[in-house]
Amino acid sequence: MESNERKRKELEDRKQTLAASLPPFTEMMRASLFERQIKCGKASCRCAQGKGHPTTYLSVSFKGGKTVQITVPKKLVSRVRKLVENYSEFWSALEQISEINRQLLRMRLLESDPNEDHSR
Ligand SMILES: [Zn+2]
């Protein structure tokens, strides 16, 4: 009983830590980024001989197999990268919360609705 209570506290604490570290809900984008070398077409440009200009693209796929690609302006690359990272971070946190709640249920440590708890 004692160790159950400790386990429950530990799992609840992990949930709180996860919740506190979530990225802002408004700062997410489901996509992946990739880079491609682009030739600009100007005969005088250095890219006509050697490597093209590195250009970042954002790619999103939709149900049914449709994929959309958008070029990302250089000055927005780090911001867009962050949005994309936030998205997977959020899903990872969601999976972990889900797993913790499943453990709590399996160990019969899940409490009834915390909103009904007036003891705090
Ligand atoms: Zn060029």
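Throughout, read-outs are computed from the coordinates displayed, never taken from laboratory work. Since we're looking at a predicted model, the values are computed, not measured. So basically every Cβ, Gly included, is an ideal-geometry build from the backbone, and we count neighbours across all protein chains shown.
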* To do: Considering only 77, 60, 68, give the residue with the highest GNM mean-square fluctuation for the chain, with springs between Cα atoms whenever their separation is below 10 Å.
  => 68
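As a check on your grasp of the helix formula, calculate [θ] at 222 nm for the chain: sum -39500 (n - 2.57) over DSSP H runs of n ≥ 4, divide by the residue count, round to the nearest 500.
-14500 deg cm²/dmol
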* Once Lys and Arg get +1 and Asp and Glu get -1 on their Cβ, which of 83, 48, 93 lies farthest toward the positive end of the dipole of segment 2-106? -> 48
* Asked: If one takes the longest principal axis of the Cα atoms in the chain, at what angle in degrees, from 0 to 90 and to the nearest 10, does the Cα axis of helix 77-106 lie?
  -> 20 degrees
* Structure fact -> Across the chain, qualifying lysine pairs (alpha carbons under 28 Å, at least 8 places apart or different chains) come out at 18
* Structure fact -> If one compares the long axis through the Cα atoms of helix 2-20 with the longest principal axis of the Cα atoms of the chain, the angle in degrees, nearest 10, works out at 30 degrees
* Mean shadow area of the chain over all directions, Cα convex hull, nm² -> 12.6 nm²
* Asked: Looking at 69, 21, 103, which one has the Cα that reaches farthest to the positive end of the dipole of the chain (charges on Cβ: Lys, Arg +1; Asp, Glu -1)?
  -> 69
* **Relative contact order of the chain, pairs being alpha-carbon contacts under 8 Å that are 6 or more residues apart, as %** => 27 percent
* Calculated FRET value between residue 15 and residue 71, using beta carbons and R₀ = 30 Å, to 0.05 -> 0.15
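Once you charge only the Cβ atoms, +1 for Lys and Arg and -1 for Asp and Glu, what is the size of the charge dipole of segment 2-106 about its Cα centre, to the nearest 20 debye? List each step's numbers first, then the result.
Values: 21 positive and 11 negative charges, 155 e Å.
Once rounded to the nearest 20, the dipole reads 740 debye.
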